[in-house]
1. Using the 10 angstrom Cβ neighbour count as an exposure proxy, how do B:C438, A:C279 rank, fewest first?
2. I'd like the mean, over residues of B:239-246, of how many other protein chain beta carbons sit within 10 Å of each residue's own Cβ.
3. R0 = 30 Å: FRET efficiency of A:D140 with A:A179, Cβ-based, nearest 0.05?
4. Find the percent of Cα-Cα distances in segment B:423-517 that exceed 22 Å, and round it to a whole number.
5. When N is the residue count of segment B:73-133, what does its C-alpha Rg come to as a fraction of 2.2 N^0.38 Å?
6. Cα-Cα over 25 Å: which of A:K396/B:K396; B:K156/B:K181; A:K30/A:K507?
7. So for segment B:80-157, averaging the separation of alpha carbon pairs under 8 Å that are six or more residues apart and normalising by length, what relative contact order in percent results?
8. Within 10 Å of each Cβ of A:227-237, how many other protein chain Cβ atoms are there on average?
2 protein chains.
Amino acid sequence: MGEENRSAHASRGGAREARRAARAQRKAVKLPYIRRRLPVIDLLSTEAVEVIEANAETILEEIGIEFRRDPESLRLWREAGADVQGERVRVPRGLARALLKTAPREFTVHARNPERNVRFGGDATVFSPVGGPPFVTDLDRGRRYGTLEDLHNFIKLAHSAPAIHFSGGSTVEPMDIPAGKRHLDVQYAFFRYSDQGCEATPETPGHAADAVRMAELLFGDSFVDQHAVVLGNINSNSPLTYDGRMLGALREFAAHNQGTIVVPAVLAGAMGPVTAAGCMAEILAETLAGMALTQIVRPGSPVIMGSFVGAVSMRTGSPTFGTPEATQMIFATAQLARRLGVPCRSGGSLCSSKVADAQAAYESAHTLLPTLLAGVNLVTHAAGWLEGGLVSGYEKFVMDADQLAMMQVLAGGMDMSERGQAMGAIREVGPGSHFLGCAHTQENFETAFHQSTIADYSSYEQWSLEGSLTAEQRANRVWKKMLAEYEDPGLDPALDEALLHFMAERKAVLLDSVEED
Amino acid sequence: MGEENRSAHASRGGAREARRAARAQRKAVKLPYIRRRLPVIDLLSTEAVEVIEANAETILEEIGIEFRRDPESLRLWREAGADVQGERVRVPRGLARALLKTAPREFTVHARNPERNVRFGGDATVFSPVGGPPFVTDLDRGRRYGTLEDLHNFIKLAHSAPAIHFSGGSTVEPMDIPAGKRHLDVQYAFFRYSDQGCEATPETPGHAADAVRMAELLFGDSFVDQHAVVLGNINSNSPLTYDGRMLGALREFAAHNQGTIVVPAVLAGAMGPVTAAGCMAEILAETLAGMALTQIVRPGSPVIMGSFVGAVSMRTGSPTFGTPEATQMIFATAQLARRLGVPCRSGGSLCSSKVADAQAAYESAHTLLPTLLAGVNLVTHAAGWLEGGLVSGYEKFVMDADQLAMMQVLAGGMDMSERGQAMGAIREVGPGSHFLGCAHTQENFETAFHQSTIADYSSYEQWSLEGSLTAEQRANRVWKKMLAEYEDPGLDPALDEALLHFMAERKAVLLDSVEED
């Protein structure tokens, strides 16, 4: 047994001083969004990204993109100089890129608490929870359809987690509310239970308009016209297609100067070629077209280039995440966005696993760490994602949130101050002793390391005595504690009243089922 | 529910063509060691590494390193120009670095199967399993002391795993063999049950000499004098101390031109300061002194700069892994070694977890991915590590091995060939269709993606029908299958006889307990 194995024992006895002092545990403090102090990592060579960019332009010019069931988009493209045949839009080489010159390199999404405003672009990184799953799971009740109560719970967890900077959108779909009216309850919940920034549901142009109207009620019409207060996530229908609903929502958001995220959902081998370089050309072509459209609608409106990447299992046809191909595509997306001069969304804590086990953690970590190192600005699905996005997991949510806090420390870079260099401590301790009780350790232990809320570091004997719990079982306690300790940020009664009144009016006229486009 | 969540369903139905073709599953092929085709990632600024380097020289010159109970090391240091007071060796600024100029930038460790030779340094990365744990665990029998049979099993698993390129050393300690004789059975097992390269136990100078003698029996005296055929892992006793046993072993290996790995085991807050920059200065000072000694003993002898890094939990005094501080130190170690011009060992698949759960996977992934991206050359503890190195886990071993195969794909970089660009496929498929059945997918699906041996990608319904197994439970089946299918590489009966004869001779004279130095 070497020193490396012995180390697990060696320090335990001597840590008493530090342990005693650490007993008074700190309360978790909400962190501001990240400003990365790490170098930008370009995993692809300049030659490689230039090939991908050239291929994207070839796709736009020669194959084109279908803009389906939205004559207004076709009209706008024709006016902008594209070749429009039926619903197929072929964009001359360089046109989309030229149109994108008006898009801001960075922008702020305002929250109702200004301290929670977040910035997208440059060295900013914002963590946001999972969005969209119809199912929910926890260790007590198992896998089931999500409800409005579940959504409220997840909004409260995201509000409370130190390193979740943005509430995201529809953390779980409240399936107990009719689909045609659901977006109202979802938007209200985000505005009501957290004062962080959030997304808005863009499933249809009508939903998008309702979300913008609710934002105007909360922030005031003129403020909203000049500032982004919500983000709308616009998925293309890869390959090379946008549908009328998403196009209508995109135009609605852009026209009101609200942020759009243009995101192809490409699983290599299914919605894209079986190779990463092929998928990236397709993703770049689709995002160039979608982002350019926002600038045609309203030059200067804020837009984020996104990718949602994975690969399809050649055995089962199911999505896979955390694989080398996905890692490469996350790095490539951020690199391409930097060259375009727009903020970037990619990555997250994605996985295929049905439960919050080792598979879930390996896959999520191999998505999240590349996301941070790549310099992604908006990290959607950063907490809670299970089963390829069909399920929001309570335990997975708090496990991921713990990892996010670690990523935030990592992003801060190595402390090279005098305190960080610790030469005084090295001199004080000298050879053959230990640092557990030295002055430098005593002075810095409170802030020295990230303290995981999930990991167990006790001895095997202690861990056994406490019931041999897995990380998933410990996480079950953590989310319950967080919900019990949730602090309601409150909402001005007049604003609350206005939102509830608007919802009631809209619900009276909307159908239960989603309008078809 | 957005496209991103819908994707989990969308592709499943359409994958039939690809699925059918994939049914004939490939046999796992043993992979050569990695030549990285990724850019070198320097996480620290030049300014920051220069500060760490200057601090290391200050430590060497002003504080010094204790070389305990080894008068020969003190004599060698005095002759080389160091200031030796008692057992304290103060090394003038720049001397250690100057002595290291004779160390090779890259070197090969020869295996008895030349196809399994591995190279250390430059763009090479070699994965090697966990070493040193006294305990072993699996789902059937639980946690218990390791035996010789367990060691044989782990050697066979490492021999069979596609992306484990080197057998490492003492994957588990065979506690059923007396400590004073154990090293013989361990060395024999590595030479007998795999034709991959391996380490040699350096617990004492006598053990090191026995290992070298066994290597000479296997490879021939003159070959061993000119070629490294084993590596010895030399741990310092941080802070700033080497003990007589390890020093004797270091001198033994260096004198015989065998590879040494000089590795401080530093948990920040215990054997090093509570800060990463402080630990790195200490690690660099210790490794500079240890590596320089190998060059004083035999200029040109192969040596690797190592770090084994973690942080001590300020709550329990136990080791923690996969934290931001450790990630920073892995990147820093590789960066410092590159500047020194020596190969580097760091990282691995380290964790504190008692079981192969989500904690184990998060921590291991957050150690392993930085290790690869940092450009580490030798990745010890890359598979099987549990509970801070006290336990080798069967399930953890095959789960990690699966991750290693993914890292090997990632290290290959993005395929930018015509096949990788896939423009033909994008043209063929066009907008609004899918790539599952297209010619390009059919031609490439076999080699397209890494196929995980552990991950489950089936639907929730299918997964439930099959017993709702966790990754750990699936891994239990995988290692049993691997052991059942292990192919014995055999060993020339005359060589086998010679090794067994030597062991019997040595066992007749060695005490059951380990000699004291």
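No value in this document is a laboratory result; all are computed from the given coordinates. No experiment lies behind these values; they were computed from the predicted model shown. Cβ coordinates were reconstructed from backbone atoms using ideal geometry, including for glycine residues, and neighbour counts include every protein chain displayed.
1. Values: B:C438 21, A:C279 33.
Going from least to most buried by this count: B:C438, A:C279.
2. Working: counts 9, 6, 4, 1, 2, 0, 0, 2.
Counting Cβ atoms of other protein chains within 10 Å of each residue's Cβ and averaging gives 3.
3. On the way: r = 27 Å, r/R0 = 0.91.
About 0.65, to the nearest 0.05.
4. Working: 3056 of 4465 pairs.
It works out to 68 percent of all Cα pairs.
5. Working: Rg = 17.6 Å, N = 61, 2.2 N^0.38 = 10.5 Å.
Ratio of Cα Rg to 2.2 N^0.38 Å: 1.68.
6. Violating the 25 Å limit, Cα to Cα: A:K30/A:K507.
7. Values: 51 pairs, mean separation 9.7, N = 78.
With pairs under 8 Å counted, the relative contact order is 12 percent.
8. Across A:227-237, the average partner-chain Cβ count within 10 Å equals 2.
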